[in-house]
Amino acid sequence: MSSTTASAARADGQAAVSFASDILPLFRQVDIQHMQPQGVLLNDYTWMSTPANAQQVYAVLAARKMPIGGPYWTAAQLGLLNTWMTSGYNP
């Protein structure tokens, strides 16, 4: 089983967190459209899987600066994004 598939398994038997099935759905279409002109490509795996970009998005979300006016991400959603980043940016 390849670790680059959305169904990749972790050592503990849990499915790996993937961008396509776990992270991308957390972003609302309005957020994607709002950030794109600023060069922030929330729906683009290649852009988001660049560590500096993902960390910047995480920091802004955690500081409750995005999405403007909320709803802000929950601790569980932030944790999922953090897990995705620390486990290798699975597509």
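How about segment 45-90: which of its residues are in contact (Cβ under 8 Å) with a residue 40 or more places away in the chain and polar (S, T, N, Q)?
SER49, GLN77, THR83, SER87, ASN90
Using beta carbons and a limit of 7 Å, which pairs, at least six apart or on different chains, have the first residue in segment 9-24 and closer than 18 Å to TRP73 by Cα and surrounded by 14 or more Cβ atoms within 10 Å (Cβ to Cβ) and the second one small (Gly, Ala, Ser) and at pLDDT below 65?
SER18/ALA6; SER21/ALA6
Condition check ((1) assigned to a loop (DSSP other than H, G, I, E, B); (2) among the aliphatic types (A, V, I, L, M); (3) at pLDDT below 95; (4) over 12 Å from the mean Cα position of the chain (by Cα)) across all residues:
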{"residue": "ALA11", "(1), (2), (3), (4)": "yes, yes, yes, yes"}
{"residue": "ASP22", "(1), (2), (3), (4)": "no, no, no, no"}
{"residue": "PRO25", "(1), (2), (3), (4)": "no, no, no, no"}
{"residue": "ASP31", "(1), (2), (3), (4)": "no, no, yes, yes"}
{"residue": "PRO37", "(1), (2), (3), (4)": "no, no, no, yes"}
{"residue": "LEU42", "(1), (2), (3), (4)": "yes, yes, no, no"}
{"residue": "GLY69", "(1), (2), (3), (4)": "yes, no, yes, yes"}
{"residue": "LEU78", "(1), (2), (3), (4)": "no, yes, no, no"}
{"residue": "PRO91", "(1), (2), (3), (4)": "yes, no, no, no"}
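Do you know which residues across segment 50-91 are over 14 Å from MET35 (Cβ atoms), small (Gly, Ala, Ser) and surrounded by 15 or more Cβ atoms within 10 Å (Cβ to Cβ)?
Residue satisfying the conditions is ALA62 alone.
Sort out which residues of segment 48-66 are assigned to a loop (DSSP other than H, G, I, E, B) and within 13 Å of LEU78 (Cα to Cα), and write them in order of number.
Correct list: ALA63, ARG64, MET66.
The values are calculated or read from the model by the stated rules, or taken from the named source; none is laboratory data. No experiment lies behind these values; they were computed from the predicted model shown. Positions of Cβ are backbone-derived with ideal geometry, glycine not excepted, and every protein chain shown enters the neighbour counts.
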